[in-house]
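**Student:** Would you mind keeping the following structure in view while I ask a few things?
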Amino acid sequence: MLERRTSHDDLVDHLVRSTPLQRGEAARVVLDVLAYFDETAEEFVRRRHRELQSGGLTNPDIFE
């Protein structure tokens with residue numbers, strides 16, 4: 001099976017050399033991190049609000 005090369009090959013190569021990750025796993029980690037930091041401010045606020053609510057906090061506690 002041919003592996004698709006990404007624009008972050010140097011980083012993926014570094015992760016493969018410096019961790020026990022296989023190339024596909026390292027590429028997935030890089031893409032996950034990039035997706036995490038690609039979140040807009042509004043998306044972050046909504047996600048964080050849901051996380052806090054699921055932790056038992058109410059809106060008055062959250063907005064404080």
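**Student:** Kindly establish whether Arg17 is modelled with pLDDT of 95 or more and open to solvent by 70 Å² or more (accessible area, probe 1.4 Å). Break it down stepwise before answering.
**Tutor:** Details: modelled with pLDDT of 95 or more: yes; open to solvent by 70 Å² or more (accessible area, probe 1.4 Å): yes.
Taking the combined requirement at face value, the residue satisfies it.
**Student:** Give segment 47-56 a look and list any residue that's open to solvent by 90 Å² or more (accessible area, probe 1.4 Å) and modelled with pLDDT of 95 or more, or say none.
**Tutor:** Restricting attention to segment 47-56, the residues satisfying the condition of being open to solvent by 90 Å² or more (accessible area, probe 1.4 Å) are 48, 50, 54.
Arg50, Ser54 - these are the residues of segment 47-56 that are open to solvent by 90 Å² or more (accessible area, probe 1.4 Å) and modelled with pLDDT of 95 or more.
**Student:** With the condition kept exactly as written, say whether any residue in segment 28-45 is exposed (fewer than 10 other Cβ atoms within 10 Å of the Cβ), modelled with pLDDT under 95 and either polar (S, T, N, Q) or not in a helix (DSSP H, G or I) (or both).
**Tutor:** yes
The values are calculated or read from the model by the stated rules, or taken from the named source; none is laboratory data. Worth saying up front: this structure is predicted, and the values here are computed from it rather than measured. Don't worry about glycine lacking a Cβ; one is built from the backbone with ideal geometry, like all the others, and counts go over all protein chains shown. Accessible surface areas use protein heavy atoms only, side chains included; no ligands, DNA or RNA. Shrake-Rupley method; radii C 1.70, N 1.55, O 1.52, S 1.80 Å.
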